[in-house]
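Here's the structure we're looking at; comments come further down.
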Amino acid sequence: MQKFLLFFLIWNTVMIFSIDKERPIFFTSMGKSGTHLLAKCLKLITKKNPTLNMGGFIKNDIVDYTSIKNSSGNYFFHQHQYYSNGAIEMIEKCNFVTFFLMRDPRDVIVSSMHWVFKHKDSKLPIGDIYRKFRTSNEILKFFIERSTILSYKRFWGWLSHPNVCTIRYENLVGTKGGGNSKSQRDEIIKICNHLKMKLSDKQISYVCQNAFGDKVGTFRKGQIGSWKTHFTNEHKELFKKVWGNLLIDLGYEKDMNW
């Protein structure tokens with residue numbers, strides 16, 4: 001009887017994990033939204049490695065489905081992919097388990113500003129932003145007025161897609177990033193449920209303890225609420241004028257009195 005129960009438990013565990021391995025994993029996010037945090041969590045949960053992005057599988061809008069299928073056993077996929085009919089066709093044809101990572105737009109803007117200063121000497125367009133505006137005040141205004149909102153709108157469709165699981169950076173980051181442990185644990189469980197994977201309490205705790213803090217090239221501090229120390233009253237009023245009720249719609253504020 002004991003041998004039968006042991007076999008039953010092992011068989012069910014294998015089945016739970018094999019469901020995940022049969023389907024490739026894909027997540028999309030806007031730049032500066034915590035991409036590496038979600039990638040680290042997925043790696044810890046699935047034991048798969050992240051691809052740098054989907055660029056090697058998409059050429060001139062033609063998706064290399066065969067290569068994706070052949071690589072999905074060991075890797076999961078990521079791209080800063082706008083919501084579009086082509087993107088939906090891709091995730092459906094590939095049978096992706098899909099996630100969308102979101103972050104408070106104000107913190108995205110602040111993180112983008114720091115990214116500009118880090119690459120102020122670059123010959124790429126990001127260096128041009130610094131050479132044109134120079135000060136943190138002007139760079140913040142640039143991202144509020146023009147750059148970031150245009151990008152954000154291109155991702156909004158992911159929020160309402162029925163087969164896409166939306167993950168909030170603020171929940172996933174945990175206490176090391178200014179969040180709380182309960183929200184982090186709940187978000188990890190949410191990821192596992194979407195993957196149809198079941199982790200033990202000990203495994204979930206391990207993911208929570210080890211997810212945050214890798215010093216990769218695009219990671220700076222990752223703290224939530226950084227906008228509070230960078231936004232002046234002028235920035236706040238400009239944000240409200242340009243972005244309107246967006247923060248309320250996304251659940252980051254209850255009203256315009258912030």
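The values are calculated or read from the model by the stated rules, or taken from the named source; none is laboratory data. Bear in mind that the values here come from a model prediction, so they are computed numbers and not experimental data. Note that we place each Cβ from the backbone using ideal geometry, even for glycine, and neighbour counts take in every protein chain shown.
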Quiz item: Of the residues that make up region 203-218, is at least one in a loop (DSSP other than H, G, I, E, B), surrounded by 13 or more Cβ atoms within 10 Å (Cβ to Cβ) and of a type in the set (A, V, I, L, M, F, W, C)?
Solution: yes
Quiz item: Which of the residues that make up region 62-74 are in a strand (DSSP E or B) and surrounded by fewer than 16 Cβ atoms within 10 Å (Cβ to Cβ)?
Solution: Ile62
Exercise. Could you look through region 92-113, keep only residues that are more than 19 Å from Ile224 (Cβ to Cβ) and in a helix (DSSP H, G or I), and pick out the one that is modelled with the highest pLDDT?
Key: Glu92
Exercise. Go through Ser122, Ser151, Ser183 for me and flag whichever is surrounded by 15 or more Cβ atoms within 10 Å (Cβ to Cβ) and without any contact (Cβ under 8 Å) to a residue 24 or more places away in the chain.
Key: Ser183
Quiz prompt | Residues within region 173-202 that are closer than 20 Å to Lys47 by Cβ and outside any helix (DSSP H, G or I), tallied | solution = 5
Quiz item: Going by the conditions given, is Val116 in contact with a helix residue (DSSP H, G or I) (Cβ under 9 Å, 6 or more places away or on another chain) and at pLDDT 90 or above?
Solution: no
Quiz item: Just wondering, is there one or more residues in region 141-148 that are exposed (fewer than 14 other Cβ atoms within 10 Å of the Cβ), of a type outside the set (S, T, N, Q) and over 16 Å from the mean Cα position of the chain (by Cα)?
Solution: yes
Self-check item: Criterion (assigned to a helix (DSSP H, G or I), of a type in the set (Val, Ile, Thr) and farther than 24 Å from Leu250 by Cα) met by exactly one of Ile88, Ile129, Ile144, Ile149
Solution: Ile129
Quiz item: Taking only pairs six or more apart or across chains, which ones have beta-carbon atoms under 8 Å, a first residue in region 155-175 that is on the phi < 0 side of the Ramachandran plot and free of Cβ contacts under 8 Å to residues at least 60 places away in the same chain, and a second residue that is among the polar types (S, T, N, Q) and part of a helix (DSSP H, G or I)?
Solution: Asn171/Ser183; Asn171/Gln184; Thr175/Ser181; Thr175/Gln184
Practice problem: Run down Ile167, Ile191, Ile224 and say which single residue is crowded, with 17+ Cβ neighbours inside 10 Å, modelled with pLDDT of 95 or more and closer than 30 Å to Phe142 by Cβ. | Solution: Ile167
Exercise. Among residues belonging to region 242-256 that are within 19 Å of the chain's Cα centre (by Cα) and either among the hydrophobic types (A, V, I, L, M, F, W, C) or in a helix (DSSP H, G or I) (or both), point out the one that is surrounded by the fewest Cβ atoms within 10 Å (Cβ to Cβ).
Key: Asp249
Exercise. Give the number of residues within region 1-53 that are within 30 Å of Ser226 (Cα to Cα), of a type in the set (A, V, I, L, M) and modelled with pLDDT under 70.
Key: 1
